[in-house]
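Undergrad: Pasting a structure below so you can have a look.
Nothing in this text is a laboratory measurement; each read-out follows from the coordinates by a stated rule. Predicted model only: the values in this text are computed from it and were never measured. Counting neighbours? That spans all protein chains shown, and the Cβs are built from the backbone with ideal geometry, glycine included.
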Amino acid sequence: MSLKLDASVLAAAIRSDVNELTDLKGYGNSAVCLIDAVFSINLDYVHQVGPMCSRCEAEFGAVGVQDLKTLVEYFDDRGTSAVVVTPMTSHRTPGRSSILKAEAVRLEADILLSHGINTCADICASAGDAEVAYDFRSVTGQTDVALWYLFMLAGRTAYAKPDRRLWGYIVGHGIRPRSNLDALTLIREASGLLGRTPREIDHSLWTST
């Protein structure tokens, strides 16, 4: 099938399955955006990632962590071994050469800062920057999916996070994109047919199916 036909099938399925399309809330704090984006890959969001991000928001509000620069300072002050106890966890990234997800957060923060990216507005402005994406993927276990989700959390609406749940929904309707990029392209095309944003499609499928 073609992109337009696949998008038509997906849009029709969403119209049938989703009563109301809703949007992702995201965060106003780039530090929490990054933590959520890194930790959400291959972890249970409701029982693990969500509660952890709530702990981070409370902790960071108390100590003044409000962007990536202050997040790095927080790591330097406390050390990764303390951070993985609370407010983060000791989960590790996917792959054979896995590292602590907290360590991946710190490495990604350093990379983003090296590109002049500190706030949510900076993250949004970096969407589409090939060099930022290349460097982001250099950290063990980090892919375009995590980066796209970071853009979503920071405020960009033209992205979706084609994780196992969204892939399951898409494939369950007989559509088989060849890559995560194809899945994102498909969701973008379907969102246009529905008159909504890819982020709304992503969030609505997550909360309604």
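Undergrad: Could you work out how much longer the chain between S8 and E131 gets when fully extended? Use 0.36 nm per residue separation minus the Cα distance between them, nm to one decimal.
TA: Gain on extension, S8 to E131, equals 40.9 nm.
Undergrad: At 25 °C and a viscosity of 0.890 mPa s, what translational diffusion coefficient does Stokes-Einstein give for the chain, taking Rh as the Kirkwood radius over Cα pairs? Give it in µm²/s as a whole number.
TA: 140
Undergrad: If the cut-off is 15 Å between C-alpha atoms, which aspartates and glutamates fall inside it for K69, apart from same-chain ones fewer than 8 positions away?
TA: D77, E108, D110, D122
Undergrad: If you fit an axis through the alpha-carbon atoms of helix 144-154 and take the longest principal axis of the Cα set of the chain, what angle between them do you get, 0 to 90°, nearest 10?
TA: Here the helix axis deviates by roughly 80 degrees.
Undergrad: Less than 11 Å Cβ to Cβ from S114, Lys/Arg counted +1 and Asp/Glu -1: what total charge do the surrounding residues give?
TA: Values: positive: none; negative: E108, D110, E131, D135.
Once all neighbours under 11 Å are counted, the net charge is -4.
Undergrad: To make sure I understand the rule: partners must be aspartates and glutamates, Cα under 13 Å from the Cα of K25, and not fewer than 8 residues away in the same chain. Which ones qualify?
TA: Cα-Cα hits under 13 Å: D36, E200, D202.
Undergrad: Between helix 101-114 and the chain, what is the angle of the helix's C-alpha long axis to the longest principal axis, kept within 0 to 90° and rounded to the nearest 10?
TA: 90
Undergrad: Which three numbers, in whole Å and largest first, are the semi-axes of the equivalent ellipsoid of segment 30-154 derived from its Cα gyration tensor as √(5λ)?
TA: Numbers: eigenvalues 77, 58, 37 Å².
So the equivalent ellipsoid measures 20, 17, 14 Å along its semi-axes.
Undergrad: On a 0 to 90° scale, report how tilted helix 50-63 is relative to the longest principal axis of the chain, with both axes built from alpha carbons and the result rounded to the nearest 10.
TA: 40
Undergrad: Report the Cα centroid-to-centroid distance between segment 169-197 and segment 42-104 in angstrom, as an integer.
TA: 31
Undergrad: Let me know the shape class of segment 136-209, please: from the alpha-carbon gyration tensor, a ≥ b ≥ c as square roots of the eigenvalues, rounded when a/c is under 1.5, otherwise prolate if a/b is greater than b/c, or oblate.
TA: It comes out oblate by the Cα gyration axes.
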